[in-house]
Amino acid sequence: MGDMHAVRNIVILTGAGISAESGLKTFRAEDGLWEEHRVEDVCTPQAFARDPDLVQRFYDMRRAAALAAEPNAAHEALATLDAEWPGELLIVTQNIDDLHERAGARRVLHMHGEVLSAWCTGCDMRHRWEGALLGDPPCPACGEASLRPDIVWFGEMPYEMDRIFAALAGADLFVSIGTSGAVYPAAGFVQEAATRGAATLELNLERSLGSRMFDETRLGPASELVPRWVAEVLA
Ligand code: BV8
């Protein structure tokens, strides 16, 4: 990676690969989530309208898995970077688990939502939620049985896109960790950052679909690559 002294503002994009070593399934692996479920059956507003119980059961399973998982060395290393980095830093995650925060990271943005949050489509309130949503429990605020997982489904606008694009515009360094680069707009962030003059680095088990757009790619498990990279940055 070039001379770190010129780097002040960092944007980090993470995907399912950073939570794989915590035991959470990725999407596209041979034993991935999309092997057992069709995206259009569980991850679109149309699917929720058609069969809400199937979708609630799917996210109840993901919620239980997230609660049972523990952060790994990659999450911990990013939490250390977050605590010690004097410049701007934003961890933009596509993940709906809370392992970044449980490792201690604070400057985290969940662009695709959070599985430990329930959103009432009646009164628009959001609630911390650890239990099941199957069975239509009432909204703690308005009592309506209209809670859905607080998740961005395909065809829905990701959260806080303005904040993300503002951070990309000011970034000196863009780092992508554990993502296949298959889903937009996240897969387009490397181009946006590079166009704005940022250096770009990919840390992944295998080359992603957008690999050729990165200045540098390092291949290996996140639990090894991320602590090593953070040590370099803080050196
Ligand atoms: C929108 C929440 C518009 C739910 C998710 C442009 C071109 C083509 C298509 C589109 C386009 N723009 C928009 C689209 C449509 C669509 C899209 O991108 N489709 C794809 C399939 C082609 N995008 C959307 O619909 C987005 N919305 O565009 O809205 C709009 C505009 C105006 C107004 C209204 C609307 C919304 C997309 C968000 C959907 N929700 N998640 C849930 O989690 O259940 S996406 C979900 O899938 C994840 O969040 C993530 O984004 C994606 C999965 O990707 P990864 O996380 O990368 O996981 P994957 O398994 O694929 O890869 C894992 C990687 O890790 C691998 O590379 C592997 O090698 C690596 N790895 C594995 N183990 C390790 C490792 N690396 C290191 N260490 C390890 N141990």
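The values are calculated or read from the model by the stated rules, or taken from the named source; none is laboratory data. Remember, it's a predicted structure, so these values are computed and weren't measured experimentally. For neighbour counting, all protein chains shown are included, and Cβ atoms are generated from backbone atoms with ideal geometry for every residue, glycine included. Protein only, heavy atoms only, side chains kept; ligands, DNA and RNA dropped before computing areas. Shrake-Rupley method; radii C 1.70, N 1.55, O 1.52, S 1.80 Å.
When we screen A182, A187, A171, A167 for residues that are closer than 25 Å to A222 by Cβ, more than 11 Å from the ligand (Cβ to nearest atom) and out of contact with any helix residue (DSSP H, G or I) (no Cβ under 7 Å at 6 or more places or on another chain), the only hit is A167. Only residues that are within 22 Å of F27 (Cα to Cα), open to solvent by 60 Å² or more (accessible area, probe 1.4 Å) and not basic (K, R) were counted across the stretch 180-235, and they come to 6.
Looking at A74, A16, can you tell me which residue is in contact with a Pro (Cβ under 8 Å, 6 or more places away or on another chain), near the ligand (Cβ under 10 Å from one of its atoms) and in contact (Cβ under 8 Å) with a residue 40 or more places away in the chain?
Working: A16 fails: in contact with a Pro (Cβ under 8 Å, 6 or more places away or on another chain).
A74 is the lone residue from the list that is in contact with a Pro (Cβ under 8 Å, 6 or more places away or on another chain), near the ligand (Cβ under 10 Å from one of its atoms) and in contact (Cβ under 8 Å) with a residue 40 or more places away in the chain.
Hey, could you check the stretch 168-189 for residues that are outside any loop (DSSP other than H, G, I, E, B) and free of Cβ contacts under 8 Å to residues at least 60 places away in the same chain and say which is nearest to the chain's Cα centre (by Cα)? It would help to see each step written out before you state the result.
Filtering the stretch 168-189 down to residues outside any loop (DSSP other than H, G, I, E, B) leaves 168-169, 173-177, 186-189.
Keeping just the survivors that are free of Cβ contacts under 8 Å to residues at least 60 places away in the same chain gives 169, 187-188.
Numbers: A169: 20, A187: 12, G188: 15 Å.
Filtering first and then ranking leaves A187.
Would you please name the residue that is most open to solvent (accessible area, probe 1.4 Å), looking only at residues in the stretch 124-148 that are closer than 24 Å to L109 by Cβ and touching a Lys or Arg at 6+ places or on another chain (Cβ under 8 Å)? If we take residues in the stretch 124-148 being closer than 24 Å to L109 by Cβ and touching a Lys or Arg at 6+ places or on another chain (Cβ under 8 Å), then E130 is most open to solvent (accessible area, probe 1.4 Å).
Out of all the residues in the stretch 111-123, is one or more surrounded by fewer than 22 Cβ atoms within 10 Å (Cβ to Cβ), in contact with a Cys (Cβ under 7 Å, 6 or more places away or on another chain) and in a strand (DSSP E or B)? Within the stretch 111-123, one or more residues are surrounded by fewer than 22 Cβ atoms within 10 Å (Cβ to Cβ), in contact with a Cys (Cβ under 7 Å, 6 or more places away or on another chain) and in a strand (DSSP E or B).
Of the residues making up the stretch 132-167, those that are in contact with a strand residue (DSSP E or B) (Cβ under 9 Å, 6 or more places away or on another chain), aliphatic (A, V, I, L, M), assigned to a loop (DSSP other than H, G, I, E, B) and more than 16 Å from Y59 (Cβ to Cβ) number 1.
Condition check ((1) within 11 Å of the ligand (Cβ to nearest atom); (2) of a type in the set (V, I, T)) across all residues:
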| position | (1), (2) |
| --- | --- |
| R102 | no, no |
| M111 | yes, no |
| S117 | no, no |
| P138 | no, no |
| I151 | yes, yes |
